[in-house]
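Nothing in this text is a laboratory measurement; each read-out follows from the coordinates by a stated rule. Computed from a prediction, not measured in an experiment: that's the story for all the values here. Every residue, glycine as well, gets a Cβ built from its backbone with ideal geometry; the counts of neighbours run over all protein chains shown.
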């Protein structure tokens, strides 16, 4: 066997080992759901996120031991790439194998930009278009006379070591919801159903995911299961694409789903979510590195096609910690840490990076945008608008490098672009602005119930998603709820004391909820709406009671759909 074939085999085996260990962790989700061990489920989520880098490090050590002095030989690595491509050529998930290989080469060679001599590069194709293998699924014809029997069988085919509280009643509730949601399809709208074999798990729910068919059309179909004191039951049925898109949102944590192959599942999910970027589907399935690869591929393909469009400063107030830029025609933003932070910011670069890492490892409950770190992105200098280039040179000199005609960004966080909430409420009609302010309050509560305090509650640090949800995206002051000290404002001993500046001491982690209304910047009408819907966020006792629960490991449930979609 040629040397290149030996090294290619080592890399292939290393990825297969990673894939097997990833599957082992994913399979635990069923046990966590059955035993309601939510704390262990959170630990599993972190372990699985960290697994990729762990396996890459192990493979690098193995290769260094065998390559010895040739670890940085470009010609050899070019041959290894060709041999590796032959090994994985017929596999459904060959793109995942390629991403693993590319990660290795980038770390061996400290690549800045793309090195086409040793990497797999394909900006002009959509890899999943070549996948024709059908994903494994269950299919059911729906009896017109006895549809409840069909869905009783559906629930029975997905076996758990927990009994249903009442399986037939759950099946009947599914039928009623489907008939209501699909009534516009005409009489007897249900013809058949197909569901992925694999159960998807996240937080406290299990999901059966598929499609429901009528005579001439189909709709997404998701059954959400919960396991509570009464036993297993159906909590919700989702058939509207917007609700399913939110379930797979970029502000959600990753599913644990024991998929034998991933590419065919992605192809299937794209039929349910045709407008959703493929990178976000890979990412929400837990394949964050592949998601980053697909995001890079699709952005730079668009970037090359729009060759006269410049990168510009993103709309919104200028941040003290991050310089943020965007390509106006593409819905991403790039965030670069500034060299110095203006007063009153007192953190450093390492602390900012730690905040973003915390979010990456934490449950995001639909309220924290997924910020993916990219290192050594290369852009042509000519594509930067003059004002943006000047800002980067003046405030982010340590975070960029000018290399010939290019700008190399050493580290940036890439996120979906949203409309800043402070701009949104000014632009919208009164009712839309009122609803946005109410959802902003709900976002604060959802984050708090998941042990996250945003730190800076100003509206400019929240964005509005395409489906109108408030999502937090400025992480430099974010912290765990359990690290905060929520206090009531002390009462002064006399009037003169009250008139003195700083008459009582406040430590850095002291938080005074009663003072929130003073600096949120909401109009009186919007503040009144916020207080009416979520007045408890201004009550120190609400925060302290929630903090006590969190410290005891009692995390409140945060469903990923509105109460209106839950079944009675």
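Data table
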{"read-out": "Whole-number percent relative contact order across segment 420-565, with pairs defined as alpha carbons under 8 Å at least 6 apart", "value": "28 percent"}
{"read-out": "Estimated Rh, the chain: Kirkwood, alpha-carbon pairs, angstrom", "value": "26.1 Å"}
{"read-out": "Average projection area in nm² (convex hull over Cα atoms of segment 118-186, one quarter of hull surface)", "value": "9.6 nm²"}
{"read-out": "Fraction of the pair-distance distribution of segment 409-552 above 27 Å, Cα-Cα pairs, percent", "value": "29 percent"}
{"read-out": "Computed [θ] at 222 nm, helices only, for the chain once each DSSP H run of length n ≥ 4 contributes -39500 (n - 2.57)", "value": "-14000 deg cm²/dmol"}
{"read-out": "Average Cα contact separation per residue, the chain, under 8 Å, 6 or more apart, as relative contact order %", "value": "11 percent"}
{"read-out": "Ranked packing of 155-167, 339-351, most packed first, by mean Cβ within 10 Å", "value": "155-167, 339-351"}
{"read-out": "Gap separating the Cα centres of segment 425-470 and segment 336-399, nearest whole Å", "value": "22 Å"}
{"read-out": "Size-normalised alpha-carbon gyration radius of segment 306-417, reference 2.2 N^0.38 Å", "value": "1.07"}
{"read-out": "Segment 29-74 versus segment 171-227: alpha-carbon centroid distance in Å", "value": "35 Å"}
{"read-out": "Ranked packing of 15-28, 131-144, 462-475, most packed first, by mean Cβ within 10 Å", "value": "462-475, 15-28, 131-144"}
{"read-out": "Fewest-first sequence of 294, 477 by Cβ atoms within 10 Å of each Cβ", "value": "477, 294"}
{"read-out": "Label-point separation, residue 428 to residue 347 (7 Å along Cα→Cβ), nm", "value": "2.7 nm"}
{"read-out": "Estimated FRET transfer efficiency when R0 is 22 angstrom, pair residue 9-residue 136 (beta carbons, to 0.05)", "value": "0.20"}
{"read-out": "Taking segment 248-348 and dividing mean pair separation by its residue count, relative contact order in percent (alpha carbons under 8 Å, at least six apart)", "value": "17 percent"}
{"read-out": "Alpha-carbon Rg/Rh ratio, for segment 137-288, with Rh computed the Kirkwood way", "value": "0.95"}
{"read-out": "Packing-based ranking, highest mean first, of 363-372, 47-56, 550-559, 216-225 given that Cβ atoms within 10 Å are counted", "value": "363-372, 216-225, 47-56, 550-559"}
{"read-out": "Using a Förster distance of 56 Å, the FRET efficiency for residue 568-residue 57 (Cβ separation, nearest 0.05)", "value": "0.65"}
{"read-out": "Projected-area average for segment 1-142 over all orientations - Cα convex hull basis, square nanometres", "value": "12.3 nm²"}
